[in-house]
Amino acid sequence: MTGDPVATELVHLHVASGIATITLDSPTNRNALSRQLTDELDQHFDAALANQQVRVIVLTGAGPVFCSGADLKEQRTANESKQRAGPGGLVPVLTKMWHSPKPVIGRINGAARAGGLGLVAACDIAVAVETASFAISEVRIGVIPAIISVVLLPKLGMAKSMELFLTGEPFSAEEAVRIGLLNASAPTAELDDAVGRYIGSILKGAPNAIAGAKALVRDVPGLPLEEAFATMGSRSAHYFASEEAREGMTAFAEKRPPRWQEGLA
């Protein structure tokens, strides 16, 4: 229907059974990171994070491509009009994904290029179709993967990042699993089952403990040894004294599933 905002929406949010699914759906440019798309992506992450019923966020794409990177047509127009260029709108999205207390699972439905790999790397767990290909191809159009390097370097390490940043060579889903960008790959028909297994496992855990466990992975590598032990000792004591821990240990003793409160405190 003409004028209906849903008809022109490039990113969709669907919430059901505690799962928020965010879908990139911009077929005319292969889900490229236009300003509209990144703005909508940011807004939908805000909505998913604010929804107390949501426990897991799934990021995926519609069509054969997950995300083709920056919208180069939009970038060229910005350059010609002397406007500020660069996918700056991606920064708040990657930041929210990185620090989200709710796990973000990437359901990578197809190829990813350049900035699209930033979205993959910012996911806590990522599963791709086995036919997907990937490339950090910025140098081949005269730019650098500056923003996405912040989330790619912790995943790939310096040696592999240097190779992929400098060459721009494409690599397979199998290679992406081997180097740590993906957790798994699966045939197209089995992708939802593979993602569902991760979701099912996460939902067995306590919401606040899941958030705290994610924070460990983000925080510990940047801390000196003594500070890390002191900080983690304090966190450990906090979680052992929590209502979730009491429920979890009681449920274990009573041989029943724990009854977690919905949402995050």
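Proximity of backbone amide H atoms, modeled 1.01 Å from N, is registered between residue 182 and 177 at under 5 Å, excluding neighbours fewer than 5 places apart on the same chain. A Förster radius of 45 Å, combined with the Cβ-Cβ distance separating residue 193 from residue 225, puts the computed FRET efficiency at roughly 0.65.
Taking trypsin sites (Lys or Arg not before Pro) across segment 199-263, the ones in a DSSP loop with at most 13 further Cβ atoms lying within 10 angstrom of their Cβ are 204, 255, 259. When each of the peptides 57-70, 116-129 is scored by how many other beta carbons lie within 10 Å of its residues on average, the order from highest to lowest is 116-129, 57-70. Helix 35-50 and the longest principal axis of the C-alpha atoms of the chain enclose an angle of approximately 10°. Restricting the trypsin sites (Lys or Arg not before Pro) of segment 82-158 to loop positions (DSSP other than H, G, I, E, B) with no more than 12 neighbouring Cβ atoms within 10 Å leaves 82, 84. In this structure the amide hydrogen of residue 70, modeled in the peptide plane, comes within under 5 Å of the amide hydrogens of 33, 115, 116, none closer than 5 places in sequence on its chain. For the pair residue 130 and residue 162, the difference between a 0.36 nm per residue extended length and the Cα-Cα distance amounts to 9.1 nm. Helix content alone sets the calculated 222 nm mean residue ellipticity of the chain: runs of n ≥ 4 DSSP H residues at -39500 (n - 2.57) each, divided across all residues, give -15000 deg cm²/dmol. Under the simplified labelling scheme, the residue 28-residue 9 pair shows an inter-label distance of 1.9 nm, with each label point 7 Å from Cα along Cα→Cβ. In terms of other Cβ atoms within 10 Å, 174, 244, 130 run from fewest to most in the order 174, 130, 244. Can you classify segment 120-222 as rounded, prolate or oblate using the Cα gyration tensor, where a ≥ b ≥ c are the square roots of its eigenvalues, rounded means a/c under 1.5, and otherwise it's prolate if a/b beats b/c and oblate if not? Taking the square roots of the gyration eigenvalues as a ≥ b ≥ c, segment 120-222 is oblate.
Full extension of the chain between residue 141 and residue 250 yields a length gain of 33.4 nm, computed as 0.36 nm times the residue separation minus the alpha carbon distance. Subtracting the Cα-Cα distance of residue 99 and residue 204 from their residue separation scaled by 0.36 nm leaves 35.7 nm. Quick one: Cα centre-to-centre distance for segment 33-54 and segment 143-215, in angstrom? Cα centroid to Cα centroid, the span is 20 Å.
Past 26 Å, Cα to Cα: identify those pairs from 204/255; 73/160; 73/155; 155/214, in the order given. Those over the limit are 73/160; 73/155. Put simply, the amide H of residue 11, placed in the peptide plane, has neighbours under 5 Å in 25, leaving out anything fewer than 5 places away on its chain.
No value in this document is a laboratory result; all are computed from the given coordinates. Keep in mind that what you see is a predicted model, and the values were worked out from it rather than measured. All Cβ positions, glycine included, derive from the backbone under ideal geometry; neighbour counts span all protein chains shown.
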